[in-house]
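Colleague: What follows is a single structure, and I will ask about it in a moment.
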Amino acid sequence: MKRLERLGSVVLFTITITLVLHILAMSSNRWKTNICRNCDPRIPLASWSTSLLQRCYDSSVATIFSINDSNFNEHINEFVTQLCIPNKFIVSENPYQAMDCLAKANQLPDIYCSIKYSNLDVCQCDYSSGTKGTVAMTILAACALGILVLLTHLVSFAKTDYMLKWLIPFSFSLLIFSIVCIFITLIFVGATLKQDVYELRDYLHDALYNVTINATWVDQLNNLTEADYDVKIGWCFGIEIVALYFAVISLVLYGLIFVAKKRPE
């Protein structure tokens, strides 16, 4: 029994580390970074980073939301801060329809879904399927790891063989489920690495040439769609890999607990 307590304490530590790292990655906004290589650094929408549900731009709030308003005369705060908005895109299989929505609203695709025009029936906005899948997997993994912390604590100090007979296999299965969810999360993020650039820039590139209204707005959007982007995974991705590493260690330790339980003191 003492052998189980020692192993249980170690696996409780590794699972707790896994949960902390996973939650840290979930709550941060550096899963992906999209850096424009040839944009004017003064353009507020040129580059951004993403969290699970948001896009974050390093710029002045006033600069971003007054970008198309020629009558905006208020003083623009030069202090650069981070503005995060929902990482939604126009839901349209036709880029020309999406461009028509943007033209009517006189807004760029980055902020279109954060203003009132996104409520129009033909211009609905939503998160991508990749984003929804990533969020679902991270939430499932966090819930499973949270339950595992409690169960592992019981495994460490339970004195009844009947309890251990069910707790250890169930905890082992739940840990495998957590590992699978984290692994799928990493796959989703890697597979959708360039999705933001595609939805906000490349998808609209050809349709832009059919727009003739508001030359200033067209020039601004054209400068963005013609830009060259360097897309990289952020440090949150690395933290999630470390969390997966500790989860695998926990799985091995649970296997040792199962073996230790079968052996006499």
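Colleague: Nearest 0.05, what FRET efficiency do Ser9 and Gln82 give at R0 = 45 Å with Cβ-Cβ as r?
Modeller: Calculated transfer efficiency: 0.65.
Colleague: Taking the Cβ-Cβ separation of Ile241 and Ser173 as r and a Förster radius of 22 Å, what is the calculated FRET efficiency to the nearest 0.05?
Modeller: In this case the efficiency is close to 0.45.
Colleague: Right, something else. Once you put a point 7 Å from the Cα of Val259 and another 7 Å from the Cα of Val231, both along the Cβ direction, what distance in nm separates them?
Modeller: Distance between the two pseudo-spin positions: 4.4 nm.
Colleague: Most exposed first by the Cβ proxy, i.e. fewest other Cβ within 10 Å, how do Leu150, Leu21, Leu145, Leu140 rank?
Modeller: Leu150, Leu140, Leu21, Leu145
Colleague: Collect residues whose amide H, placed 1.01 Å from N in the peptide plane, falls under 5 Å from the amide H of Tyr229; neighbours closer than 5 in sequence don't count.
Modeller: Arg37
Bear in mind these aren't lab numbers, they're just calculated from the coordinates by the rules spelled out. The structure displayed is predicted, hence computed values, not measured ones. Backbone-built Cβ (ideal geometry, glycine too); neighbour counts: all protein chains shown.
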